[in-house]
Amino acid sequence: MMAPKLERFVSPGKGNGLRTTARIKRGELLFSEEPLACCVSSKVSRAVCHRCFTRHETLLRCSQCKMARYCGINCQKQAWPDHKRECKCLQSLLPRIPTDSVRLAARLIFSLLSPSKGSSEELYTLEEHESHLSSMSEQKKQGLLQLASMLELYLQQEAPNLAQEIPSLPPSCRDPLSLIAKVTCNCFTISDGELQEIGVGLYPSLSLLNHDCRPNCVMVFEGAKLQLRAIRDINPEEELSISYIETLSLTEDRQRQLEDQYHFTCHCQRCDSKDKEELMLIGEEATWQKLKEALPRLEGLKAESDWKTLLDSCSHLLSTVCGDVPDENLYKLRMTDMALDASIHLGHWEEALTYGERTLSVYRQYYPDPHPVHGVQLMRVGKLQHYLEHIEDALDTFKQAYQIMKITHGEDHPLTTDLLMKMEECHCEMGQRSSSSH
């Protein structure tokens, strides 16, 4: 669905952009789009249905490639037209599994081979997508060249010669290197309700959106379908923006990440004013420096799901800094969040709640606009309060989450419906309590 209120334009200093032609109220759904091509991330490929992108304990496995998994026979059948070619390619490389960007690029090619998909009403065609090859460091280009040769090897079975076989493939995409460059630079991370990465997808019209570290829109997913919503009121002719990265980080870190990944220097208002920088680095520097230095090791433990060691390390480090570093400190916040994650995974609910509650007033300061990260955090804490029977607290936390999520996710999103059910449960339980105490 392309909202009639959007148009592309040339944004001064930024190239193409999207803007609105009408006045937009915050919370309004501006756009929703199924991907032109998408695939489940290999790190969760055993836990997520490759067709509907929902998580399941047990999944059916494709007996041929041993890679694709589905939540049921229905999804498996519906996926077959898209999976058929990919299946042969995956088999040809076994036991190796190509990286996500190679699988995504191949899926893009397969979707162009089946004519129904290559729709022409995109605001932004593949031909126009930037590859940024000319501005790339030699090292980065080498990395892409390796991906490009893997793509050629992978496609050997089904599309050994891109240029001749696919007339609908624009000239600039026939060369595997520029195709892989376009894919890596323009793909979106598909996330689940908990905002964990579950896949990657290409949404051509939305590649027009430019970045801002304090954007006026956010993207949320329902399965692989992307929804773009306004989080502030937007005036006619105002440019629409999203954040390409996690916004809760220091200006120089955000700028470095944007340079590395998207090849531009951000000069948004937040970057130029170094907004909230002092607050992020509050406290005794010698002390928070220790937290900062420990983070990469802790990220490693998290990636390995070593929750016990992670929680021990976090709680030890946090107890050593308590008074010298306020909760607002960015590194302390990251560590508190990791401790929350680890406690939840280990089923230490009381401890999880202590960490979770500690983050809420900090999130409130760092997310002045409604943001999915803030809404989901409130929801997690609310669920802990509810489970531990702090019913009044839970209801209050859920209400705060709802104020955010009705804007970021909309009333009809499964996560919002789940939230409303939780609130209803709290009301019922409070009703039962008051009637039994009389």
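What's the number of the condition residue 386 fails, among (1) within 29 Å of residue 241 (Cβ to Cβ); (2) buried (at least 18 other Cβ atoms within 10 Å of the Cβ)?
With (1) within 29 Å of residue 241 (Cβ to Cβ); (2) buried (at least 18 other Cβ atoms within 10 Å of the Cβ) applied to residue 386, the lone miss is (1).
Kindly indicate the residue of the stretch 169-193 that is of a type in the set (Val, Ile, Thr) and in a strand (DSSP E or B) and also nearest to residue 258 (Cα to Cα) among those meeting that condition.
189
Can you name the residue in the stretch 120-150 that is open to solvent by 50 Å² or more (accessible area, probe 1.4 Å) and small (Gly, Ala, Ser) and is also modelled with the lowest pLDDT among such residues?
120
Just one of the numbered conditions (1) small (Gly, Ala, Ser); (2) within 25 Å of residue 243 (Cα to Cα); (3) surrounded by 12 or more Cβ atoms within 10 Å (Cβ to Cβ) is not true of residue 361; which one?
Residue 361 satisfies all of (1) small (Gly, Ala, Ser); (2) within 25 Å of residue 243 (Cα to Cα); (3) surrounded by 12 or more Cβ atoms within 10 Å (Cβ to Cβ) except (3).
Counting only residues that are touching a helix residue (DSSP H, G or I) at 6+ places or on another chain (Cβ under 7 Å) and polar (S, T, N, Q), which one in the stretch 21-79 is least open to solvent (accessible area, probe 1.4 Å)?
Once the filter is applied, the top-ranked residue is 41.
Tell me, which residue of the stretch 237-254 that is of a type in the set (S, T, N, Q) and in a loop (DSSP other than H, G, I, E, B) is surrounded by the fewest Cβ atoms within 10 Å (Cβ to Cβ)?
It comes out as 249.
Mind checking whether some residue in the stretch 364-384 is of a type in the set (Lys, Arg) and under 30 Å from residue 277 (Cβ atoms)?
Checked against the condition, which is being of a type in the set (Lys, Arg) and under 30 Å from residue 277 (Cβ atoms), the stretch 364-384 yields at least one hit.
Say we look at the stretch 401-418 and pick out the residues that are part of a loop (DSSP other than H, G, I, E, B) and open to solvent by 50 Å² or more (accessible area, probe 1.4 Å); which of these is nearest to residue 221 (Cα to Cα)?
Filtering the stretch 401-418 for residues that are part of a loop (DSSP other than H, G, I, E, B) and open to solvent by 50 Å² or more (accessible area, probe 1.4 Å), the one nearest to residue 221 (Cα to Cα) comes out as 412.
The values are calculated or read from the model by the stated rules, or taken from the named source; none is laboratory data. Keep in mind that this is a model prediction, so the values were computed, not measured. Every residue, glycine as well, gets a Cβ built from its backbone with ideal geometry; the counts of neighbours run over all protein chains shown. Each accessible area value is taken on the protein alone, full model and side chains, heavy atoms only, with ligands, DNA and RNA left out. Shrake-Rupley method; radii C 1.70, N 1.55, O 1.52, S 1.80 Å.
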